[in-house]
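Read the structure below first, then the notes.
Please treat every number below as a calculation from the coordinates, not as lab data. Treat the numbers as computed from the prediction; the structure is a model and nothing was measured. A quick note on method: Cβ atoms are made from the backbone with ideal geometry, for glycine too, and the neighbour counts reach across all protein chains shown.
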Number of protein chains: 4
Amino acid sequence: MKLIHMTKNLKQRIMKIKVIAFDVDGVMTNGSINLDEKGQEIKMFNVQDGLGIAVLRKAGLKTAIITARSSGCVAARALDLKIDKVYQDAYPKSAAFGDLLKNFNVSPDEVCFVGDDLPDIPVLKQAGFAVAVANASSDAKQYAHYVTKKSGGNGAVREVVELILKTQSRWKTVLETFV
Amino acid sequence: MKLIHMTKNLKQRIMKIKVIAFDVDGVMTNGSINLDEKGQEIKMFNVQDGLGIAVLRKAGLKTAIITARSSGCVAARALDLKIDKVYQDAYPKSAAFGDLLKNFNVSPDEVCFVGDDLPDIPVLKQAGFAVAVANASSDAKQYAHYVTKKSGGNGAVREVVELILKTQSRWKTVLETFV
Amino acid sequence: MKLIHMTKNLKQRIMKIKVIAFDVDGVMTNGSINLDEKGQEIKMFNVQDGLGIAVLRKAGLKTAIITARSSGCVAARALDLKIDKVYQDAYPKSAAFGDLLKNFNVSPDEVCFVGDDLPDIPVLKQAGFAVAVANASSDAKQYAHYVTKKSGGNGAVREVVELILKTQSRWKTVLETFV
Amino acid sequence: MKLIHMTKNLKQRIMKIKVIAFDVDGVMTNGSINLDEKGQEIKMFNVQDGLGIAVLRKAGLKTAIITARSSGCVAARALDLKIDKVYQDAYPKSAAFGDLLKNFNVSPDEVCFVGDDLPDIPVLKQAGFAVAVANASSDAKQYAHYVTKKSGGNGAVREVVELILKTQSRWKTVLETFV
């Protein structure tokens, strides 16, 4: 496969995307599971990722979270970022993905999913635009159409947001609202 | 543009600075948004940045914070560092910047602002000395007169402090009070 | 010693492994000891390591923790990952290792131990497959059959899990349950 | 100055050391000041540094902390590591250093001090063996006899401990108690 074909193919995939769903640990964070003495968790999100998600909404795209774990940290972050749909305790993730399709009334090729490990593979296999982060396990990367340059918690989400909005020629409009 | 001209121009900009204002997330921190199960935040500042800000005060310059988010972490850090003026929930940031000019009775070219992302652009456009940190988004960097070598939370603030005080020939005096 | 011999020898060691025991600080975490004002601890584990340990169980291997320190963080993480046996306050660690052999009814050459520092040496000397993480002290590395490429808290545990399961030809079966 | 002379000089300095005093932020931690919404702090120490300090005690050397800040985190860590003398809120640090000399009945050339920034300079100037960590400010490094390869919170303290104990031919004995 030549790079130019790959690029063309990627562009076609990205042009169709209406919903972007993210795994949490290792994607919206660097994969660190921080526990206090009582087992309560602290999650480390990223401020530029957050702005990216806010910008997706401004641009009219829908956002979702699909995570196999569950914590108040995710609920708080999702509320702050006004994420449209949050699936916690989602195992297997394909069930949540099925519900997501109904909820947003979209087909799989209209969804981008960003993951990092084995439980993400069933969704990566279905999503129209499957993304693995730089720090994803090698097995997860096998099922991705695109691997981010930045790692989870360090800008991977923002990179995907900009890639989609620039490919869809929506970034410039967003940028103008700030400038 | 030749480096020597750039330097000359930068020096002229820096010589006028009387007030230095900082964004928080990604500038005074590495951009990590750390949330516990109840959505309470923990921010990660930097000790050498803190000394830099204390030194700015000793040298007679004024300091401010302009952040679009809001948390007790920032209030605590600002109190500890005796920052002169704190704007939280500042959106758009240009409004806070306008108030800052009145508050310190200065013109825009007497203010340095350090930011990292899109919401900082309106202020970067106005500030006499606009600084983007190494980890700033590429769009924010377009509006900066200077991009730091160090990243936010890892010495970017200190780098700006030393650059300004050394350019204004005030660093040596500060250093002598320690040595 | 030639590499091919080394590999053969390593393979023979790994083929026998039935139990995998981990040190905590510096192995399941990056070695950071995070204390709040009351001395309560927060430990930073890794999500991909966690999946690796879950996968070990699925594949029929037993898991254990041997740490010289003690905290609720470890108890919470061990519960979450259903680790079979947890030794906290284990000093010297060789005593815990002796108990572990009885508890799982295995011989030392059926146990893999992963450590990073001096208190781990007595167990590294006994374990059939002794592993030091990339960030281990140079003295601890002297007693290891294998040094991980990844560091503690950043995938070292996962690397050991995949190395063992792939060598024992069990990884493919595990992977299929996800794919 | 030739390296061999430098080494000889360093060795002579190190041979005399009986007390080792550490700054906290940037030396025993990576310099991150972590604040929650109420301004309560979390400090991030290092497990291998901790073992190094325990080993210093075993080897008969005395240990101290001299920090300009104050927090329960430091008190908790010092208690855990049985540090002989803790100076918090120490400003200027030279006063604490004077008290330390009396307390341990030693002369300045029998003390090693490890620091990272301007407030450490007065003590670095007096200490028989003055050490700056890799992440120290350039001004602090000017006053150091030795700059560590590792940075604060990432093994700098352990590096100093091993350098001193190996130079004093005490490391082997310590190591044997573990092996």
Calculate the length of the line joining the C-alpha centroid of segment C:100-179 to that of segment C:7-42, in whole Å. 8
For A:K16, give me every one of the lysines with a C-alpha distance below 16 angstrom, ignoring sequence neighbours fewer than eight places off in its own chain. A:K8, A:K62, A:K166
For B:V147, put the label point 7 Å out on the Cα→Cβ axis and report which residues of segment B:117-133 keep their amide N under 11 Å from it. B:132-133
Longest principal axis of chain A (C-alpha) makes with the long axis of helix A:156-167 (C-alpha) an angle, in degrees to the nearest 10, of 20
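Taking a threshold of 22 Å on the Cα-Cα distance, which of the pairs B:K58/D:K93; B:K38/C:K150; A:K141/C:K172 fall above it? Walk me through the intermediate numbers first.
Numbers: B:K58/D:K93 18 Å; B:K38/C:K150 33 Å; A:K141/C:K172 16 Å.
Listed pairs above 22 Å: B:K38/C:K150.
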Quick check: net charge around A:V174, other residues with Cβ under 14 Å of its Cβ, Lys/Arg +1 and Asp/Glu -1? +2
What Rg and what Dmax come out for the protein assembly as shown when only alpha-carbon atoms are used, in angstroms? 26.9, 78
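How many Cβ atoms of partner chains, on average, are near each residue of D:66-74 if near means within 10 Å of its Cβ? Could the numbers behind the result be given before it?
Working: counts 0, 1, 2, 3, 0, 3, 6, 7, 2.
Other-chain Cβ atoms within 10 Å of each residue's Cβ, averaged: 3.
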For B:L101, place a label point 7 Å from Cα along the Cα-to-Cβ direction in every copy; what are the distances to the other copies, in nm, shortest first? 5.5, 5.5, 7.8
Once the principal axes of the Cα atoms of chain C are found, what is the range along each, listed largest first in whole angstroms? 52, 39, 31
Alpha-carbon gyration tensor eigenvalues x 5, square-rooted, for segment A:12-63, Å: 29, 12, 9
Using a Förster distance of 41 Å, how high is the FRET efficiency between C:K82 and A:L175, based on the Cβ-Cβ distance and rounded to 0.05? 0.30
Kindly give the distances from B:M15 to its copy-mates, label point to label point, with each label point 7 Å from Cα along Cα→Cβ, as nm values to one decimal ordered shortest first. 5.6, 5.6, 7.9
Over segment D:1-101, the quotient of the Cα radius of gyration and 2.2 N^0.38 Å is 1.23
Here the percent of antiparallel bridges among DSSP beta bridges lying wholly in segment D:16-176, to the nearest 5, is 10
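Express in % the proportion of alpha carbon pairs of segment D:110-179 at distances exceeding 17 Å. Display every interim value, and only then the final one.
On the way: 1055 of 2415 pairs.
In whole percent, the long-distance tail amounts to 44.
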Using 5 Å bins from zero, what percent of all Cα-Cα pairs in segment A:73-143 falls into each bin? 3, 17, 23, 24, 22, 9, 1
D:T7 versus D:Y91, label points 7 Å from Cα toward the beta carbon: distance in nm? 4.2
